[in-house]
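Read through the structure below, which is laid out as structure tokens, and then see the notes.
The values are calculated or read from the model by the stated rules, or taken from the named source; none is laboratory data. The model shown is predicted, which means the values in this text are computed figures rather than measured ones. When we count neighbours, we look across all protein chains shown, and the Cβ atoms used for this are built from the backbone with ideal geometry, even at glycine. For accessibility, only protein heavy atoms count, side chains too; no ligands or nucleic acids. Shrake-Rupley method; radii C 1.70, N 1.55, O 1.52, S 1.80 Å.
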Amino acid sequence: SLKILGGIQLKKHFFGIPYSKVEPLTTFNDAKNIISNIKKHTENFDVQLVGFGDSGIDIGELGGGFSYNKELGNDKSVSELQKYCSDNSIKLYYDFDLIRFNKSGNGFSPSSDNSITSNEYPAKISKYSPVTGSVDEEGSVAAILKRSRLSEAVGKSIESLKEMGFKSVSLSSLSNIAYSDYNDG
């Protein structure tokens, strides 16, 4: 199993005005080259594309906006990657983070679609520094999608992937985070 990371958000400045831009770590063309090199040495493996959405591997809209970031490639490069994987019997999974988000979009809002803790506060996730074990001050705080909206988020991800031509979806965020939601009795 191979996990390929797409992009990361960098903070930049234009005449002193800060903005964020996704910097490619791996484009769709790079991913195709990596996969073809590995294919020379092994028969069966699967590929998971992570962080190819609007905000890269960083937190933004739910599911990375349910689209891929244009900095990482265009429709042609996505089609070529899909065709290469299909022709070589490689399963290609596109991964959407369906749990963490901090921007509104695609019908999901961090203020109204957030899980609630037992003391009735919105549930949040912070990034932690693996070095110090404390909250990463530069890391973003994310809302956690309320459980009653998970099914809808999965449905949107599947529809988006169909439109992009992907045949498989990775739901890793649903399987690697356990949380409670006190929205429901």
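Worth pointing out:
- In the chain, the DSSP-assigned H stretches of four residues or longer account for a calculated mean residue ellipticity at 222 nm of -7500 deg cm²/dmol, using -39500 (n - 2.57) per stretch and the full residue count as denominator.
- Counted charge near residue 6, where neighbours are those whose Cβ lies closer than 14 Å (Asp, Glu -1; Lys, Arg +1): -3
- Longest exposed-site-free window of the chain, the sites being trypsin sites (Lys or Arg not before Pro) in a DSSP loop that have at most 16 other C-beta atoms within 10 Å: 41-126
- Long-range Cα-Cα pairs in segment 90-168 (distance over 22 Å), rounded percent: 39 percent
- Using only side-chain charges placed at the Cβ, +1 for Lys and Arg and -1 for Asp and Glu, the dipole size of the chain relative to its Cα centre rounds to 320 debye.
- Value of Rg/Rh across the chain [Cα atoms, Kirkwood radius]: 1.00
- Segment 147-180 versus segment 1-62: alpha-carbon centroid distance in Å: 18 Å
- Hits among aspartates and glutamates - C-alpha to C-alpha of residue 40 under 17 Å, sequence gap 8 or more where chains match: 30, 87
- Rounded to the nearest 10 degrees, the inclination of helix 150-164 to the longest alpha-carbon principal axis of the chain is 30 degrees.
- Multiplying the residue separation of residue 116 and residue 159 by 0.36 nm and removing their Cα-Cα distance gives an extension gain of 12.7 nm.
- Gain on full stretching of the segment that runs from residue 148 to residue 37 - 0.36 nm per residue minus C-alpha separation: 35.7 nm
- Choice from 166, 108, 15 showing the highest fluctuation, given a GNM over the chain with Cα pairs closer than 10 Å: 15
- Helix 28-39 axis, angle to the chain major axis (alpha carbon atoms, nearest 10°): 60 degrees
- A Gaussian network model of the chain, with springs between Cα atoms under 10 Å, assigns the largest mean-square fluctuation among 35, 57, 125 to 125.
- Unit charges at the beta carbon, dipole of the chain: most positive-side option, 90, 121, 56: 90
- Sites listed here are GluC sites (Glu not before Pro) in segment 32-91 whose DSSP assignment is loop and whose Cβ has at most 11 other Cβ atoms within 10 Å: 43.
- Percent carbon-and-sulfur accessible area, the chain, ignoring ligands, DNA and RNA, probe 1.4 Å: 50 percent
- Mean separation of Cα pairs under 8 Å and 6 or more residues apart, divided by the residue count, gives segment 34-185 a relative contact order of 26 percent.
- Near residue 108: Cβ cut-off under 10 Å, other residues only, Lys/Arg at +1 and Asp/Glu at -1. The net charge is +1.
- Solvent exposure of segment 1-137 as accessible area per residue, Å², 1.4 Å probe: 56 Å²
- Taking 53, 155, 64 as the candidate residues, the one with maximal mean-square fluctuation in a Gaussian network model of the chain, Cα springs under 10 Å, is 155.
- Entries of 32/76; 83/167; 11/103; 32/83; 3/156 with Cα pairs more than 18 Å apart: 3/156
- Computed from Cα positions, the angle between helix 75-87 and the longest principal axis of the chain comes to roughly 60 degrees.
- Charge tally in the Cβ shell below 14 Å around residue 90, where Lys, Arg are +1 and Asp, Glu are -1, residue 90 excluded: +3
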